[in-house]
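Dumping the structure here so I can ask a few things about it.
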Amino acid sequence: MNALAATSRNFRRASRLLDLDPKLEKSLLIPFREIKVECTIPMDDGKLASFVGFRVQHDNARGPMKGGIRYHPEVEPDEVNALAQLMTWKTAVAAVPYGGAKGGIGCSPGELSRSELERLTRVFTQKIHDLIGTHTDVPAPDMGTNAQLLPLVLAPIYPIMTQTMAWILDEYSKFHGHSPAVVTGKPIDLGGSLGRDAATGRGVMYATEALLAEYGKSISGSTFVIQGFGNVGSWAAQLIHERGGKITALGDVTGSIRNKAGIDIPALMKHRNDGGALKDFHGAEVMDSAELLVLDCDVLVPCALGGVLNKDNAPDVKAKFIIEAANHPTDPEADEILAKKGVIVLPDIYANSGGVIVSYFEWVQNIQGFMWDEEKVNNELEKYMRSGFHHTKAMCKSLDCDLRMGAFTLGVNRVARATLLRGWEA
């Protein structure tokens, strides 16, 4: 089942639990606008190359649409549509005044030079500048456009990853004047928020604390397996390690490693920051990446691509809790299998909402022209994450459903109420 079908299925289940009017249900599912553009740029060798860019603006009932822009060879309309819809529910669950959007360009950023990526970003911005804006649609970083540490094979493009939002801001400002709030996830020097780079990973940590506390457990003394060691995975690993969690296995595109006694995360970060690949780290043994998701642990944290937990590997999952730090890592078929096994899954629309929450803080700071210190950012993020978990659990109790449906019904209900209040049938 592809991402769009899975997201739509979860929405319809939530809609039935809420007993929504069929016409309202259909209205909420249909995107506000879908944009497809051809971005043709001169390459460094003088040849022309064309890349397809997408932006799906799903819903604006609760405020400006919000969502990342990813650079990845597998970017395609269904995935972008599903992720835009997820952002609508995610922003509602997080209680930030946004709707959902998502975008991307089908490209392999590791195969493009810095100048080629800049030209591609600027052309994409030129094509969509009149459809985004501070109070319309506010893009953010995502896969391939984030300030993330990359595997050794992609190391030459690392300096570019903090630049993408800056290029969009600069190109947009040529048309509309200086507009720092048009994008979030910017460099600090251009109006970015302190704490934004760590926000999604920190939010994952707060979400994990909240879930484990519900079952009388804590991060300290629990064992963790983390799939993905980019921005989200590396920050989650560091913060979980700081709180006494034992990370027994990690994996990324270069390979997977494990150490039953616990991986020394500060040493691993130094190794990776020095340009080393995960599989070359001496403080752990190399393992088969196919086994990573089914290792014995208390908490499994998928932080990479969607669909990694499916009907084939779900029966073998041994974790007691799964924290969905990635978007759509669990297929619906896997969800059913995991539920029967008694595995508690904390859904992506809540678990990885730390990024969009701090993006909201950045947007607020830009509009006010008044910047916060990092302690305030982190304290406010913790409040939002704990409140989101509290309200999700309340929906679970009210509707007698699991956490995924609790979060979906919370988000859908908030969007439906805003839609009705604004007058959706006119």
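Okay, which of region 115-134 sit inside 15 Å, backbone N to the point 7 Å along the Cα-Cβ direction of Glu38?
Correct set: 124, 127.
Whole-Hz Karplus ³J(HN,Hα) for region 276-291, in order, using 6.51 cos²θ - 1.76 cosθ + 1.60 and θ = phi - 60°, x for Gly and Pro?
Taking θ as phi minus 60°, the curve returns x, 7, 4, 5, 9, 6, 7, x, 7, 9, 6, 9, 6, 4, 5, 8 Hz for region 276-291.
A further question on this structure: Straight-line reach from Lys393: which aspartates and glutamates have a Cα under 17 Å away, not including same-chain ones fewer than 8 places off?
Counting by Cα, and skipping residues close in sequence, Lys393 has these aspartates and glutamates nearby: Glu209, Glu214, Glu324, Asp348, Glu382, Asp402.
Let me ask something else about it. Within 12 Å, Cβ to Cβ, of Glu214, how many net charges do the neighbouring residues add up to if Lys/Arg are +1 and Asp/Glu are -1?
Numbers: positive: Lys217, Arg386, Lys393, Lys397; negative: Glu209.
Summing Lys and Arg as +1 and Asp and Glu as -1 gives +3.
Here is a follow-up. Amide H neighbours of Gly67 under 5 Å, counting only residues 5+ apart in sequence or on other chains, H built in-plane at 1.01 Å?
Distant-sequence amide H within range of Gly67: Ala101, Val138, Ala140.
Looking at (1) 68, 44, 42; (2) 55, 55, 42; (3) 83, 62, 42, which value of Cα extents along the principal axes in Å comes from a calculation on the structure shown?
The calculated read-out lines up with (2).
Same structure again: What are the ³J(HN,Hα) couplings of region 360-371, residue after residue, when phi is run through the Karplus curve with 6.51, -1.76, 1.60 and θ = phi - 60°? Round to Hz, x for glycine and proline.
Result, ordered by residue: 4, 4, 4, 4, 4, 4, 5, 5, 6, x, 9, 9 Hz.
Percent relative contact order of region 199-346, based on C-alpha pairs within less than 8 angstrom and at least six residues apart?
Values: 291 pairs, mean separation 31.4, N = 148.
The normalised contact order for region 199-346 reaches 21 percent.
Also, quick follow-up: For the ranges 359-368, 221-230, what's the packing order if you count other beta-carbon atoms within 10 Å of each residue, average per peptide, and put the highest first? Before the final figure, lay out each step's value.
Details: 359-368: 21.1, 221-230: 22.8.
Order by mean packing, descending: 221-230, 359-368.
Let me ask you something else. Amide H of Ser222: which non-local residues (sequence gap of 5 or more, or other chain) have their own amide H closer than 5 Å, using H built in the peptide plane?
Those qualifying (amide H under 5 Å, at least 5 residues apart or on another chain) are Lys246.
Taking the Cβ of Gly63 as the center, what net charge do the other residues with Cβ under 14 Å away carry, scoring Lys and Arg +1 and Asp and Glu -1? Each step should come with its number before you reach the end.
Numbers: positive: Arg62, Lys66, Lys90, Arg414, Arg417, Arg422; negative: Asp59, Asp137.
Around Gly63, the charge tally is +4.
Compare the peptides 352-358, 39-45, 83-89, 324-330 by average per-residue count of other Cβ atoms within 10 angstrom and give them in order, highest first. Mind dumping the intermediate values first?
Details: 352-358: 28.3, 39-45: 13.9, 83-89: 29.9, 324-330: 26.7.
Sorting 352-358, 39-45, 83-89, 324-330 by mean packing, highest first, produces 83-89, 352-358, 324-330, 39-45.
Something else now. Using a 1.4 Å probe on the protein heavy atoms, what percent of the accessible area of region 1-56 belongs to carbon and sulfur?
For region 1-56, the apolar C and S fraction of the accessible surface comes to 53 percent.
Just report the Cα centroid separation between region 393-408 and region 196-229, whole Å.
Cα centroid of region 393-408 versus Cα centroid of region 196-229: 20 Å apart.
Here's a follow-up. Answer rounded, prolate or oblate for region 256-362, using the Cα gyration tensor with square roots of eigenvalues a ≥ b ≥ c: rounded when a/c is under 1.5, else prolate when a/b is larger than b/c, else oblate. Write out the running numbers ahead of the final one.
Details: a/c = 2.22, a/b = 1.21, b/c = 1.83.
Oblate is the answer for region 256-362, as a/c is 1.5 or above yet b/c matches or exceeds a/b.
Consider a paramagnetic label point 7 Å from the Cα of Ala394 along Cα→Cβ; state which residues of region 1-33 have an amide N under 18 Å from it.
Residues 18 qualify, since their backbone N sits under 18 Å from the label point.
Still on this model: Between the alpha-carbon centers of region 274-314 and region 42-106, tell me the distance in whole angstrom.
27 Å
Another question about this same structure. Give me log10 I(q)/I(0) at q = 0.10, 0.11, 0.14, 0.21 Å⁻¹ for region 1-155, Debye formula, one equal scatterer per alpha-carbon, no solvent.
Taking Cα atoms of region 1-155 as identical point scatterers yields -0.39, -0.47, -0.72, -1.33.
At a 1.4 Å probe, what is the % contribution of carbon and sulfur to the accessible area of region 199-346?
Working: 2770 of 5660 Å².
With neighbouring chains kept in place, the figure for region 199-346 is 49 percent.
Quick one: net charge around Asp331, please, counting Lys, Arg +1 and Asp, Glu -1 for every other residue with C-beta under 13 Å from its C-beta.
Values: positive: Arg9, Lys311, Arg404; negative: Asp312, Glu324, Glu333, Asp335, Glu336, Asp348.
Result for the local shell: -3.
Taking only protein heavy atoms into account and a 1.4 Å probe, give the accessible area per residue of the chain in Å². Don't skip to the answer; put the middle values down first.
Details: 16970 Å² over 426 residues.
Ligands and nucleic acids excluded, the result is 40 Å² per residue.
Highest first, please rank the peptides 13-26, 309-322 by the mean number of other Cβ atoms sitting within 10 Å of their residues.
309-322, 13-26
The values are calculated or read from the model by the stated rules, or taken from the named source; none is laboratory data. Computed from a predicted structure; not experimentally measured. Here Cβ is always computed from backbone atoms with ideal geometry, including for glycine, and neighbour counts include all displayed protein chains. What goes into the accessible areas is simple: the full protein's heavy atoms, side chains included, and nothing from ligands, DNA or RNA. Shrake-Rupley method; radii C 1.70, N 1.55, O 1.52, S 1.80 Å.
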